[in-house]
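Beneath this line is the structure, given in structure tokens, with notes to follow.
Derivation of every value follows stated rules applied to the coordinates shown; laboratory data play no part. All values reported here derive from a predicted model rather than from experimental measurement. Note: ideal-geometry Cβ built from the backbone for every residue, glycine included; neighbour counts use all protein chains shown.
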């Protein structure tokens, strides 16, 4: 609120570079006084809430060429970071290969927000609901750092693994494997489909729609014909906690058969491993328990089918 | 700082204003252009009272900044009824889809956007399309009935 | 059921304020702009509890574009406001008691200039230990918020000897219930425009639910006559009780008079959350006992209400909660004690339901627990214990006899939703962690302000020079449909068309005193006023028409466009238009009436005389993986007399019901150390369209007792008061746990997988 301002009001200047490197240089120049903005929907909420002061310089990424469009390349769907959530949702290549991401997008915010909000913006918040899905899908990010480009697994980038994430980095593109593991969106539920691959995504909020997540879980995996878990990727997030994979649970599942005993073990493992957020709206115990419940129930359904 | 010229088409007419580039569209509409049909309520995109159409798509005017709407075609609630009440507005009158009316302009703009995309929406589609529009008066019953009425008559 | 069926078709009309609302052309008071207008902003306390040592405004006064900076020194009259007891400072002098307390106000050329000026005002605070818990506030060592101590009000009601009677009870349930700090969350926040007029007058364009009361309070603050102030208070974008008390008006008024310019204020949502009223959180401790047949014997209730920093309507709210704490049941031994306590937790005040929601949640929950102990169906248990039509009211006072309770009880008993409780709930074997349950509750809710509070009603009916039948009331339209209801009442009485009507509300310069638009009273006031005024005006017009046309008066009646002749044989024809009738006289034909809202003849403070009854059944689905609850179906039964305005009736019940859903499942304005943590609608969670079920039936029971003189009752609140305990019973039906705290916490309904699977084989015979 206004009374927290102690200086004469300054209003942001807006820069609209066409090239990614130009955007990056502007950020280097202005530093903390500048903010990358694509849709701006989350940022404007934070400025209005007083969580963050509005920046002196807005570096709009909306016109940056490199961040536009969705391309299906060899082995990947390459999604420009400036592509809006709504465009992602209606894109054919993503519908074919990025079903889990689309499922996540459908539960983010509301229609009008999704026309402005971008996939890059959702990821760069570090707590966006697309992230658990992308982690389970084994997605990578193409990062712009000056003139250089490099790819990094989304998990490493979110968790800030050594050197993975620097303050001036721009997310350029999101790379989703267009492989056997990728699955089209057919139903919002777990089912063995498409060469024994399965996937699931679940978001629990404080109401049915338009809510920050209390708990978000996602999973992608493959069962062999005789019911042995060949591949499994599980992720969880919610609240202010950075989303993460669940390596211990994955390890326990890998190479094993689903059984009630296994599900019990997985439940315990997730409960003890997952570092859940604690805030006014849900405690970490609740988040851990709900995450464990959701993941094991999805595996149970798989077991039964 | 007000050296940014914002030019857009608002309800079919060209509008040109000297503004701050990051000024929100809501302020431009209500205070510069006197179009107070678009309402201000939460100011952070969580209630939908400020929804307008930008190039035919519903957006929260409290979130969209001047530079993001420059050169675009904006339609507000006033534009929808310029030639007489739209069938969505008629349906709201018929079914009591409003009470205090403050959420109504944003709600109707969302309904219009929904019907433009999905002329005969299912209940689930209606609920998804209006998930970003809060109403405190109606409990949404009259709104659902109004939208169903529109869908049925398409 | 109440639908658009044939029975109500002639009463199903588009609202007169509809076209402007759906086209965005209606100018709300916060949409107003006038030439030369300045922008006002209020500096609110940075801390929830402190002494003010110094306030320095010099820098703010010198800031660019600033036209006035005001503090307590600039209040010419009483530096206080409050509907019942003015104890809230307009501008704090030496002490702040909550985070929304006002310290200064600025008027400037632009909003930004005003905000900047606020940031330049310097205030030296000396913190006082925070009082953030009503029970701690009652401790002897607690800091005192007011000279009279931390107790705003106490209530006490006693009948028989409960302590002794508990000894003879076969089953006793003792439990503590907690209700949340709900926020009104009207879509339009507080604000308006304040215009200084010639000769020191002032026009106030700002929302309230009682224009004349605002005028009185402002006159007291400004030290001017009430007549010099005009309050225009309608239309409003939602209120639900939250805009009845003053909010921005003192600042707008003072700034306008000081600068000589019109001043606009419009609270941001964060300002509204910070400074605005909330529902009283209550802790209710109840002990209730029954005999071997399941009849209620003794009931004790202790209510602690957190009233926050200032009085506003805290005392009447406690009175109301006290009156509703024993439910509509026959109980021979009762003791209810209530206390409303000052704290630094915001300000609690008027909110739809008015203390009833809290008390009804608790007492209905007690009934559910007792039924279980008695091995009885919870709905049958209630029937056994319901009060009879001619019984005295809850506080022993005489009330208008009413047998609405059995009617609403029967409606729920026969409802399809309630029948789902008995059906073998086929659970989806593929998702055994999802449980369903059905619950119900009922309530008798008082209308009017209660004995002891002036509850004046009145209205004016006239034939204008333009030939309009004009009704004038001081009510405000904040969505409840009062304009449409008045139109329907007039059309029904005069058998005229809507074009013949003029309805004037919400402007103290144009309307008589009708009292507040609160407490479900306006429909009754309007009905009573028109019942008196319509025959008077009608007779006069007919008399004039008879004289002018030479036709016999008994054959004349009012109709569309004017006075009609209905001959014994032959077709009806219109003889003379309303305008022509008007011009037959020099002066305008106008009739006014004043009366008091019906009260009990017994002087029981807070007691009501007229009640409406409601019952609701609800089916819920609980996901025990996450503890999330969904409502699957609702059946509302409401007995409030004739539905004058079916569209409005449905809207108010459905809307009240969803507001109650929020109260039960998700809403709580969280304070931590006296600071609001849920500052906007992203963290204060109200239901969206995806949270509601369309499986809703509304049964309006319109019959009134034969000689009922009061006609249709108000239904603005009654849809919101009984849902919470119905949901609690449904949750118990689904998962076996009893909810005692609202909003319902997911943790309480969650189970651990795969333990959940083992419990999935719970049979239908489990309760």
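Quick one: pull the percentage of alpha-carbon pairs in region C:514-659 with a separation above 22 Å.
More than 22 Å apart: 64 percent of the Cα pairs in region C:514-659.
How large is the direction-averaged shadow of the alpha-carbon convex hull of region C:175-279, in nm²?
Directional mean of the projected Cα hull area for region C:175-279 stands at 7.6 nm².
Calculated FRET efficiency, residue C:51 and residue C:139, Cβ-Cβ r, R0 22 Å, to nearest 0.05?
My answer for the efficiency is 0.55.
For chain C, what size does the Cα cloud have along each of its three principal axes, sorted from largest down, in whole Å?
On the principal axes, chain C reaches 84, 81, 54 Å in Cα extent.
If you find the alpha carbon centre of region C:212-268 and of region A:48-112, how far apart are they in angstrom?
About 47 Å separates the Cα centre of region C:212-268 from the one of region A:48-112.
If you take the beta carbon distance between residue C:540 and residue C:602 as r and set R0 to 60 Å, what does 1/(1 + (r/R0)^6) give as a FRET efficiency, to the nearest 0.05?
The pair residue C:540/residue C:602 has a calculated efficiency of 0.95.
Report, please, the projected area of region B:48-93 averaged over directions, based on the convex hull of its C-alpha atoms, in nm².
On the way: hull surface 14.7 nm².
Hull-based average projected area comes out at 3.7 nm².
Can you compute log10 of I(q)/I(0) for region C:33-73 with the Debye formula, treating each Cα as one identical point scatterer, at q = 0.15, 0.17, 0.28 Å⁻¹?
Log-scaled intensity ratios, in q order: -0.52, -0.63, -1.18.
Find how many whole Å separate the alpha carbon centroid of region C:40-74 from the alpha carbon centroid of region C:155-186.
Between the Cα centres of region C:155-186 and region C:40-74 lies a distance of 46 Å.
Hey, with R₀ at 22 Å, roughly what FRET efficiency would residue C:163 and residue C:302 work out to, going by the Cβ-Cβ distance, to 0.05?
That gives a FRET efficiency of 0.95.
What value in Å³ per residue do you get for the convex hull of the alpha-carbon atoms in chain B? Working shown, then result.
Details: hull volume 15.2 nm³, N = 154.
Value for chain B: 98 Å³ per residue.
Please work out how much length the chain gains when fully extended from residue C:549 to residue C:388, using 0.36 nm per residue of separation minus the C-alpha to C-alpha distance, in nm with one decimal.
Working it through step by step, the gained length comes to 52.5 nm.
With the cut-off at 1.5 for a/c, could you classify region C:633-767 from its C-alpha gyration tensor as rounded, prolate or oblate?
Because a/c hits 1.5 or more and a/b fails to exceed b/c, region C:633-767 counts as oblate.
Rounded to two decimals, what is Rg over Rh for region C:1-139 when you use alpha-carbon atoms and the Kirkwood radius?
Rg/Rh for region C:1-139 comes to 1.20.
Grab the Cα-Cα distance for residue C:27 and residue C:594, subtract it from 0.36 nm times how many residues apart they are, and report the gain in nm with one decimal. List each step's numbers first, then the result.
Numbers: separation 567, 0.36 × 567 = 204.12 nm, distance 3.12 nm.
Between residue C:27 and residue C:594, full extension yields 201.0 nm more.
When 1/r is averaged over all different Cα pairs and the result inverted, which Kirkwood radius in Å belongs to region B:4-80?
11.9 Å
Roughly what angle does helix A:284-304 make with the longest principal axis of chain A, taking Cα atoms, 0 to 90 degrees, to the nearest 10?
50 degrees
Where does chain A land at 222 nm, in deg cm²/dmol rounded to the nearest 500, when only DSSP H runs of n ≥ 4 count, each adding -39500 (n - 2.57), divided by all residues?
Taken over chain A, the calculation gives -9500 deg cm²/dmol.
Along the Cα→Cβ direction, 7 angstrom out, place labels at residue C:580 and residue A:226. What is the inter-label distance in nm?
With each label point 7 Å from Cα toward Cβ, the separation is 10.2 nm.
Using only Cα positions of region C:456-596, each an equal point scatterer, no hydration layer, compute I(q)/I(0) via Debye at q = 0.11 Å⁻¹ and quote the log10 values to two decimals.
-0.40
At each listed q (0.12, 0.13, 0.14, 0.20 Å⁻¹), what is the log10 of I(q)/I(0) that the Debye formula gives for region A:1-126 modelled as equal alpha-carbon point scatterers?
Evaluating at q = 0.12, 0.13, 0.14, 0.20 Å⁻¹ gives log10 I(q)/I(0) of -0.51, -0.59, -0.67, -1.14.
Starting from 0.36 nm per residue, how many nanometres of slack lie between residue C:492 and residue C:423 once their C-alpha separation is accounted for?
20.4 nm
Mind listing the Cα extents of chain A along all three principal axes, in Å, largest one first?
That works out to 66, 45, 37 Å along the principal axes.
Distance in nm between label sites at residue A:52 and residue B:125, each 7 Å beyond Cα in the beta-carbon direction?
The answer from the label model is 3.7 nm.
Given the DSSP H assignment, sum -39500 (n - 2.57) over each helix run of at least 4 residues in chain C and divide by its residue total; what's the result at 222 nm in deg cm²/dmol, nearest 500?
Working: 19 runs with 195 residues, N = 767.
Here the helix-only value at 222 nm equals -7500 deg cm²/dmol.
How far is it, in nm, from the label point at residue A:156 to the one at residue C:380 when both lie 7 Å from their Cα along the line to the Cβ?
Each label point is offset 7 Å from its Cα along the Cβ direction, giving 7.0 nm.
What's the center-to-center distance, using Cα atoms, between region C:628-683 and region C:423-496 in Å?
Cα centroid to Cα centroid, the span is 15 Å.
I'd like to know how region C:489-558 sits against the 2.2 N^0.38 Å rule of thumb: what's its Cα Rg over that expected value?
On the way: Rg = 14.9 Å, N = 70, 2.2 N^0.38 = 11.1 Å.
My calculation over the Cα atoms of region C:489-558 gives 1.35.
Using the Kirkwood formula over every pair of different C-alpha atoms, what hydrodynamic radius in Å results for region A:12-60?
Taking every pair of different Cα atoms in region A:12-60, averaging 1/r and inverting gives 10.9 Å.
Please report, in whole Å, how far the alpha carbons of the protein assembly as shown spread along each principal axis, starting with the longest.
That works out to 96, 79, 76 Å along the principal axes.
Is any residue of region A:268-299 close enough, with backbone N under 17 Å, to a label point placed 7 angstrom from the Cα of residue A:261 along the Cα-Cβ axis, and if so, which?
A:268-269
What is the list of residues in region C:601-622 whose amide nitrogen lies under 20 Å from a point 7 angstrom out from the Cα of residue C:707, following Cα to Cβ?
Correct set: C:601-602, C:609-611.
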